[in-house]
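What follows draws every value from the coordinates through simple rules; no lab data is involved. What you see is a predicted model, and the numbers here were worked out from it, not measured in a lab. We place every Cβ from the backbone using ideal geometry, glycine too, and count neighbours over all the protein chains shown.
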Amino acid sequence: MDFDLSNEQAIWKKIVHEFAEKELRPKAREVDEKEEFNWQAARKGGPIGLMGMSIPEMYGGSNVDSISNAIAMEELGWGCGSTALAFTAHNGLGTAPIALYGTEELKKKWLPIVASGKNKLGALALTEPGAGSDIQGGVITKAEKQGDEWVINGAKMWCTNAGIAEYIITLVRTDPKGGSKSLSMILVPTDSKGLTIGPAEKKMGLRGSPAHGVTYDNVRVPLGNLVGAEGRGLQQTLSTLDAGRISIGAISVGLAQAAMDAAVNYARERKAFGQAIAEFQAIQFKLSNMAMEIELARTMIYKTAWLKDQGRPYNKEAAIAKLYATEMAERVCYDAIQIHGGYGYSREYNVERMYRDARLMTIGEGTSEIQRLVIARHVLASE
Ligand SMILES: Cc1cc2nc3c(=O)[nH]c(=O)nc-3n(C[C@H](O)[C@H](O)[C@H](O)COP(=O)(O)OP(=O)(O)OC[C@H]3O[C@@H](n4cnc5c(N)ncnc54)[C@H](O)[C@@H]3O)c2cc1C
């Protein structure tokens, strides 16, 4: 067993850490307060490969391994939760399905555009106003073939990056009879006639990562915009989400690390009863728990990413990693605020934002309840 990063991965970690420190950290509060996406981070992240992590080099991407993707997402999450979420929605959701399942024509046309960082991003719309966890039964947005086009009607909800995207990969019902082979993914350019992207949702946290409702009113796209095989949308979605869970877990580890770093600094400086609060065992125990839980979550994230890189099954591990890392991040951010006392509740201190940002992680890309269902399915199947 080898727990060391390869030389290449260690260099990558350093590059992304420095990028996060320079381009994300200083703007994290501003993007949250102004509810604006950090465009400069995308522009500068493109050339170092951060906008093409799921994209093969021949289409302009960096096509990093899963451990390197997890490393990057942790570092970006450490720098700014909002920007990290927008980047992972782009890489993992908005480009990976095209790279994995798309036709050569789609890859050549769209991937170089979004990998450069110069243009808008990619997005994936699965969730609908009436369906999130239950995608298989609940999706009612439909696509019908008319001549050489798909005609799409319906509505999506919570689509991260929709307002800053070149296209939205949209999960649609292509067989009205339903069942596991009735869904498909279709690429819809955001300038398509009949497509309306609503205003950015007013969110609790991650406010520099825009998420939108989207409506499709007789939107017409070429038949060739099908991403993957017709009827394979559910399977492609589940596989995309498995990989996405490693990234959401990694962002959570980064958020937790940032909250712990802030708590350690504060505990050393703040004095009470004549000494630094870091001297109190009650504070030390909180810091110990943080360090322990972050380490455990990171190790599980790496293990899951490693399994993925080996081409081995990792559905259960991805659910465990996501569940543990996201719930851990909430506990760590909670305690980081506690260590800051009243100041922790102030928007002048970053732990307040991290706590709000971390809250999404147990919901997006499969709620904690859904992760527990996935784990239970594996546990019961093996007994
Ligand atoms: C900031 C943000 C960004 C997002 N970005 C995207 C995006 O880019 N693309 C996209 O498609 N979606 C996105 N989502 C949507 C997100 O994936 C869904 O919110 C999530 O999957 C949960 O679906 P839901 O909100 O419909 O909740 P529901 O599915 O309605 O669930 C409500 C509650 O019931 C529980 N529940 C549901 N089914 C079961 C069950 N079988 N057993 C036990 N409990 C159950 C859930 O765990 C939850 O607690 C985003 C959401 C947010 C908030």
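How big is the Rg/Rh ratio for the chain, C-alpha atoms only, Rh by Kirkwood, two decimals?
Working: Rg = 20.8 Å, Rh = 21.1 Å.
My calculation puts Rg/Rh at 0.99.
What is the fewest-to-most order of His90, His212 by other Cβ atoms lying within 10 Å of their Cβ?
His212, His90
Over the alpha-carbon set of the stretch 234-381, divide Rg by the Kirkwood Rh and report the Rg/Rh ratio to two decimals.
With Rh from the inverse mean 1/r over Cα pairs, Rg/Rh is 1.07.
Where in the stretch 130-158 does the amide nitrogen come within less than 12 Å of the point 7 Å from the Cα of Glu105, taken along Cα to Cβ?
Correct set: 148-150.
Ranking Cys80, Cys333 by Cβ neighbours within 10 Å, fewest first, what do you get?
Cys333, Cys80
At 7 Å along the Cα-to-beta-carbon direction for both Ser192 and Glu8, put a label point, then send me their distance in nm to one decimal.
3.6
Rounded, prolate or oblate for the stretch 210-314? Axes are the square roots of the Cα gyration tensor eigenvalues, ordered a ≥ b ≥ c, and the cut-off for rounded is a/c under 1.5. It would help to have the intermediate numbers written out before the result.
Working: a/c = 5.73, a/b = 2.29, b/c = 2.51.
Oblate is the answer for the stretch 210-314, as a/c is 1.5 or above yet b/c matches or exceeds a/b.
Could you tell me which helices of the chain pass both thresholds, a Cα extent of 30 Å or more along their own axis and a mean Kyte-Doolittle hydropathy of at least 0.0, with helices taken as whole DSSP H runs? Provide the component values of the computation, followed by the final result.
Numbers: long enough: 233-269 (53 Å, 0.36); 281-309 (41 Å, -0.03); 315-340 (38 Å, -0.12).
Taking the DSSP H segments of the chain (at least 30 Å long, mean hydropathy at least 0.0), we get 233-269.
Which of the pairs Lys156/Lys193; Lys14/Lys120; Lys13/Lys303 have their Cα atoms more than 20 Å apart in this structure?
Details: Lys156/Lys193 16 Å; Lys14/Lys120 26 Å; Lys13/Lys303 17 Å.
In this structure, Lys14/Lys120 exceed 20 Å between Cα atoms.
Using a cut-off of 12 Å between beta-carbons, work out the net charge of the residues near Thr127 (Lys and Arg +1, Asp and Glu -1, Thr127 not included).
Net charge in that neighbourhood comes out at -3.
Which of rounded, prolate, oblate describes the stretch 123-232, given a ≥ b ≥ c as roots of the alpha-carbon gyration tensor eigenvalues and a/c under 1.5 marking rounded, otherwise prolate only if a/b is larger than b/c?
oblate
Counting Lys +1, Arg +1, Asp -1, Glu -1, what net charge surrounds Ile246 among other residues with beta carbon under 11 Å of its beta carbon?
Net local charge, Ile246 excluded: -1.
For a quick check: sort Trp150, Trp158 by the number of other beta carbons within 10 angstrom, fewest at the front.
Trp158, Trp150
List the residues, sorted by chain then number, that are 5 or more residues from Val227 or on another chain and whose placed amide H is less than 5 Å from its amide H.
Excluding prolines and chain starts, which carry no amide H, the hits are Met185, Ile186, Leu187.
Taking H as built 1.01 Å from N, whose amide H comes closer than 5 Å to the amide H of Glu149, not counting residues under 5 places away?
Leu223
Against the globular-protein guess of 2.2 N^0.38 Å, express the Cα radius of gyration of the stretch 7-121 as a ratio, rounded to two decimals.
With N residues counted in the stretch 7-121, Rg over 2.2 N^0.38 Å equals 1.01.
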